[in-house]
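The structure appears below as structure tokens.
The values are calculated or read from the model by the stated rules, or taken from the named source; none is laboratory data. Please read all numbers here as calculations on a predicted model, not as lab measurements. With ideal geometry, Cβ positions are generated from the backbone for all residues, glycine too; neighbour counts draw on all protein chains shown. Quick note on the areas: whole protein, heavy atoms, side chains included, nothing else; ligands and nucleic acids left out. Shrake-Rupley method; radii C 1.70, N 1.55, O 1.52, S 1.80 Å.
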2 protein chains.
Amino acid sequence: MKRSFSAVAFVILVACQSAFAQSGGAAAAREYRRANELRILREFVRLLSIPNVASDKEGIRKNAALLVEMMRARGLNPRLLEATTEGVPPAVYGEWRTPGARSTIVFYAHYDGQPTDPKKWTGTQPWEPALRTAPFEKGGTIRPMPAEGEAINPEWRLYARSSSDDKAGVMSILTAFDALRAKNVQPSVNLKFFFEGEEEAGSPHLVEIMSRHKELLASDAWVICDGPVHQSGRKQVVFGVRGDTNVEVTVYGPKRPLHSGHYGNWAPNPAMLLARLLASMKDERGRVTVKGWYDDVEPLGEAERRALAEAPSYDEELKRELGINRPEGGGASLVELINQPSLNVNGLSSAETGALARNVIPTTAVAALDLRLVKGNDHRRQVERLVAHIRAQGFYVTEAEPTDEERLSHPLLAKVRVSPGGYNAERTPMDSAIARSVVEAVQSTVGQPIVRSPTLGGSLPLVLIRESLGAPTVTVPVANYDNNQHAENENIRLQNLWDGVETYAALMTMRPPAAR
Amino acid sequence: MKRSFSAVAFVILVACQSAFAQSGGAAAAREYRRANELRILREFVRLLSIPNVASDKEGIRKNAALLVEMMRARGLNPRLLEATTEGVPPAVYGEWRTPGARSTIVFYAHYDGQPTDPKKWTGTQPWEPALRTAPFEKGGTIRPMPAEGEAINPEWRLYARSSSDDKAGVMSILTAFDALRAKNVQPSVNLKFFFEGEEEAGSPHLVEIMSRHKELLASDAWVICDGPVHQSGRKQVVFGVRGDTNVEVTVYGPKRPLHSGHYGNWAPNPAMLLARLLASMKDERGRVTVKGWYDDVEPLGEAERRALAEAPSYDEELKRELGINRPEGGGASLVELINQPSLNVNGLSSAETGALARNVIPTTAVAALDLRLVKGNDHRRQVERLVAHIRAQGFYVTEAEPTDEERLSHPLLAKVRVSPGGYNAERTPMDSAIARSVVEAVQSTVGQPIVRSPTLGGSLPLVLIRESLGAPTVTVPVANYDNNQHAENENIRLQNLWDGVETYAALMTMRPPAAR
């Protein structure tokens, strides 16, 4: 099916896709980007200005509406893919059929972002995008958006929630497509675009949305644009992701807050009980001591082991930059460690610290944990092991607030709440056709060798894509690694966005896996 | 020196103190209170309506001004005792000379209250006093203030910050004085009144204020109205208090928040490091494992040991009420345990839990600790032991944010901040003259035996009074033990206030210690 571009929205673009010429996309993308940096930046700023936490229904709908508008202007025939439940963030879908193409690739990014406390941002606000001359930790200062014709320094950082994670993915993909169209470069494959709206909430409706639109989403593979490039700054292709599940553990003290003088050292202190429980979960080297934690790990294949060995080591630089003297892991490298399941404390709270601290025995202490999983782990089984460990420490485990009877019957009480949306790890074999096509395309954009990683440390629900649609996934990140992803002061280095446009233009013109 | 009452303010009172008759104060107080409950309650509500956190300079001055007004109406010749530094909460002082009296007693209470988060209160607000028909945990509902002539149920609770701690002390003392005057009962001693304004901030200027007004504050003893009566509801005389010092420990992870997937189990997790550190400080039975923690404890005397043995045990009732199956202390009773130094976690924080939790490795984890001290302990020495323990766990200890160089030189970093205003424990011998006079007076108000406690679990800077002024102290609390002191939903049971008025009227007519 042929389509016409909107001449109104993109006056410099050719009028019809049939004018696309077969040629490498990366060079075309560079040329296009150089001529259009300010326009790209402005469109990005507009997208970043809309609050995008998955639980903020109004903000999410506004994001989805803008994405539809952006896709429509590009002739991508957009539509919202909804879940059956009302109020669920929709996926935004679009497509481009390439005449004669025998392979179809889905390009994935997500437009929702992590919740954040605006008070914790320094100088800028999460949904008021602002440029800095450098990372603020390195003395970068806020500067105005460039004027028409002003040179744009690629080392500038754009600060906003999702500037990296993952609206940078959306922009890289859509801008790569713009470049191909502008330069008359024909994609080598059919293009489908799938922008998810609740990835940071754990993708609780992704399976449902995919299942409802199975035919629409049929493809040879998904290319996932999410996560950071390698810490060395080199481009990276990632063949897997860790699984993830979040668990909140609440430990109980007295039913009401007590004066720590009158009752301290008699009433059980939940903060101390939680400390003891957490300390029991890992040894001093950071190895998880929960029974069976590493039992299911599927060993890496030959290609994966070789890629790991060839991966550049950036650990010493990272230690210097992050102010770390001794990492966990007893000497193992970061790339080795992310091929293992992990247990991490995301947060602690019990009564108050700082100015609001009072001389009390708190009533509860809470730990937010996240469990990362690797190939072989099952997220439900891993949580069961954790719960068994908590029980083995003497705790009575409940899923609800303990009743009076439970309180009086058990010396140690823990409420364990597992967040919905946990999922397993996924890994695409590095010697598969799609893996080789993607590596080749990304490698074509740069002179130095790209990094090939068997898995990303982070998580995406890629397993759900393979299980629902049968499609393998390969992840090609664009963000700088020091983007403060998931935290306050998230930012993207502009050069990473520019590089991302080239990468995705190359991917849209890759050697089709069906042709291998 | 003679003084005239203000006939305007207290029309029912006699015109001149010389009309006071020698007689027991408690019966007079009961009679007076029964006829004046609503008026007492209204005056109390007015006092409780003024925000009184020591750091809130404006609120504190308003409290002090009202106290001056209340004392002036009673003919107590009030004045503010100021520190040299401007902005420090003043003590409010007043006095009443009794003709022929050879003993002088200072009655102490404090009018400041603990900081509190109004959002955490249930149904009522800290400085909007409200009556409930019972504790809200037991289904008590909010009810309007009683109308003129309406019966007042003594089981009602008045909810407000400082309703117990310690404006109940102020009201008990001033109302006891009202009762004596109204009923023409002559005090047996000269009365001095000292209401402190920054006790909950650790009394950092108390010594200075006392030293500047040494002659004004000359006395035979101080009677301290603070803390709760015994958990059994029985009246209590307390001969000592624990010392107290607060320490905040901050443990460090990476310099910026990191994605827990990409860096989890490589970057050191400060929440986990803090958990391990805290767990090292106490054993499973709650005994502090810091080296030397119990070394300096001065053994109890014979009278104190006997009083402890005779103290009613309320532990089982407390356990039921507080939902506790197994207290700390390995079976020791609450009264035994408060005669030991303690280490308590008041609060924990690291990144976020709950709805704002994110998949990060936090940059810091903070624990607020309080150390209670008993006779023999020195607060500086006890903190030194704690710091030595933290060092012994491998931590580099600093008082400031760690520098980059410190971060890179030490695997474990802890910032230890000691709050100003720590002080030692104090204990007045139970066989001293003042101790015997006070016990006799309080015992005269009730039929059942009162509880005599060598020490309160809580802390007051009583050691500073003895060191600055040479005066012994005896504490006679009035609040109900379940008053949520230092926490949200603080309240007082009205009967405790009524009893407090009788107790203090009896104390103002005690057998003078000089006459023993």
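How compact is the protein assembly as shown by the rule of thumb for globular proteins, expressed as Cα Rg over 2.2 N^0.38 Å?
1.14
Provide the per residue accessible area, probe 1.4 Å, for the range B:317-435, rounded to a whole number of square angstrom.
Roughly 37 Å² per residue, with all protein chains present.
Distance in nm between label sites at A:Thr84 and A:Glu317, each 7 Å beyond Cα in the beta-carbon direction?
5.0 nm
Which of the GluC sites (Glu not before Pro) across the range B:93-150 are loop residues per DSSP, with 13 or fewer other Cβ within 10 Å?
B:Glu148, B:Glu150
For the range A:341-406, which whole percent of the accessible surface, found with a 1.4 angstrom probe, sits on carbon and sulfur atoms?
Here it works out to 48 percent.
Evaluate peptide B:206-218: per residue, the Cβ atoms of other protein chains within 10 Å of its Cβ; return the mean as an integer.
0
Rounded to the nearest 0.05, what FRET efficiency do A:Ser55 and A:Ser409 give with R0 = 41 Å and r taken as the Cβ-Cβ distance? Could you check?
E(calc), rounded to 0.05, equals 0.65.
Using DSSP, restrict attention to beta bridges with both residues in chain A and report what percent are antiparallel, rounded to the nearest 5.
Beta bridges within chain A, antiparallel portion: roughly 65 percent.
Can you classify the range B:18-145 as rounded, prolate or oblate using the Cα gyration tensor, where a ≥ b ≥ c are the square roots of its eigenvalues, rounded means a/c under 1.5, and otherwise it's prolate if a/b beats b/c and oblate if not?
Verdict is oblate for the range B:18-145.
Can you give the accessible area per residue of the range B:14-124, in Å², using a 1.4 Å probe?
42 Å²
About the Cα centre, and with charges only on the beta carbon of Lys, Arg (+1) and Asp, Glu (-1), how big is the dipole of the range A:13-152? Nearest 20 debye, please.
300 debye
Under a point spin-label approximation (7 Å from Cα along Cα-to-Cβ), what is the A:Leu356-B:Asp296 distance to one decimal in nm?
Taking the simple label geometry, A:Leu356 and B:Asp296 are separated by 3.4 nm.
Hey, could you get me the Stokes-Einstein D for the range A:403-516, Kirkwood radius over alpha-carbon pairs, 10 °C and 1.306 mPa s, rounded to whole µm² s⁻¹?
90 µm²/s
Hey, rough spin-label estimate for A:Arg39 and B:Ala515, points 7 angstrom out along Cα→Cβ, what's it come to in nanometres?
10.1 nm
Let me confirm one metric for peptide A:360-372, namely the mean number of other chain beta-carbon atoms within 10 Å of its residues' beta-carbons.
Mean partner shielding for this stretch: 6.
How far, in nm to one decimal, is B:Gly24 from itself in the other copies if the label point is set 7 angstrom along Cα toward Cβ? Shortest first, please.
10.6
Per DSSP helix of 4 or more residues, -39500 (n - 2.57); summed, then divided by the residues of the protein assembly as shown. What does that give at 222 nm, rounded to the nearest 500?
Helix-only estimate at 222 nm: -9000 deg cm²/dmol.
A:Lys57: accessible area at probe 1.4 Å, nearest 10 Å²?
Counting only protein heavy atoms, A:Lys57 exposes about 120 Å² to solvent.
With r defined as the distance between the Cβ atoms of A:Ala218 and A:Gln495 and R0 fixed at 41 Å, what FRET efficiency is calculated, to the nearest 0.05?
0.70
If I fit a long axis through the Cα atoms of helix B:25-48 and take the longest principal axis of the Cα atoms of chain B, what angle between them do I get, 0 to 90°, rounded to 10?
Once rounded, the angle reads 50 degrees.
If one takes the accessible area of chain A alone plus chain B alone and subtracts that of the pair, with a 1.4 Å probe, what total in Å², rounded to the nearest 100, results?
8500 Å²
Using the Cα centre of the range A:135-211 as origin and beta-carbon charges of +1 (Lys, Arg) and -1 (Asp, Glu), tell me which of A:Ser203, A:Ala179, A:Gly149 is placed farthest towards the positive end of the dipole.
In the range A:135-211, that residue is A:Gly149.
Which of the listed residues, B:Gly422, B:Phe395, B:Ser432, is farthest toward the dipole's positive end in the range B:384-451, when Lys, Arg count +1 and Asp, Glu count -1 at the beta-carbon?
Final value for the positive-end residue is B:Ser432.
So which GluC sites (Glu not before Pro) in the range B:154-200 end up in coil per DSSP with only 16 or fewer other C-beta atoms within 10 Å?
B:Glu155
Where nothing but the Cβ of Lys and Arg (+1) and of Asp and Glu (-1) is charged, how large is the charge dipole of the range B:155-272 around its Cα centre, in debye to the nearest 20?
Computed about the Cα centre, the dipole is about 220 debye.
Count the net charge of all other residues whose Cβ sits under 11 Å from the Cβ of B:Gly140, scoring Lys and Arg as +1 and Asp and Glu as -1.
+3
Give me the angle, in degrees from 0 to 90, between the Cα long axis of helix A:379-392 and the longest principal axis of the Cα atoms of chain A, rounded to the nearest 10.
20 degrees
With +1 on each Lys and Arg Cβ and -1 on each Asp and Glu Cβ, how big is the dipole of the protein assembly as shown about its Cα centre, in debye rounded to the nearest 20?
Dipole about the Cα centre, nearest 20: 660 debye.
For the range A:36-151, with all protein chains present and a 1.4 Å probe, just round the carbon and sulfur fraction of the accessible area to a whole percent.
The value for the range A:36-151 is 53 percent carbon and sulfur by accessible area.
Can you list, shortest first in nanometers, how far A:Arg61 lies from the same residue in the other copies, with each label 7 Å from Cα toward Cβ?
Once sorted, the set of distances for A:Arg61 reads 5.1 nm.
How compact is the range B:199-298 by the rule of thumb for globular proteins, expressed as Cα Rg over 2.2 N^0.38 Å?
Against the compact-globule rule of thumb, the ratio is 1.78.
Out of every Cα-Cα pair in chain B, what percent are more than 43 Å apart?
20 percent
Label-to-label distances across copies for B:Ala309, with labels 7 Å out along Cα→Cβ, in nm, shortest first?
7.8
Got a number for carbon plus sulfur as a percent of the range A:184-228's accessible area, 1.4 Å probe?
Answer for the range A:184-228: carbon and sulfur cover 45 percent of the accessible area.
Identify, among A:Pro362, A:Tyr294, A:Pro268, the residue whose Cα sits farthest towards the positive end of the charge dipole of chain A, taking +1 on the Cβ of Lys and Arg and -1 on the Cβ of Asp and Glu, with the dipole about the Cα centre.
Sorting the options by dipole projection puts first A:Tyr294.
Rounded, prolate or oblate: which fits the range A:33-88, taking a ≥ b ≥ c as square roots of the Cα gyration tensor eigenvalues, rounded meaning a/c under 1.5, else prolate when a/b beats b/c?
It comes out oblate by the Cα gyration axes.
With everything on Cα atoms, drop me the angle between helix A:494-508 and the longest principal axis of chain A, reported from 0 to 90° to the nearest 10.
Here the helix axis deviates by roughly 60 degrees.
Which trypsin sites (Lys or Arg not before Pro) from the range B:71-110 combine a DSSP loop assignment with at most 13 other Cβ atoms within 10 Å?
B:Arg102
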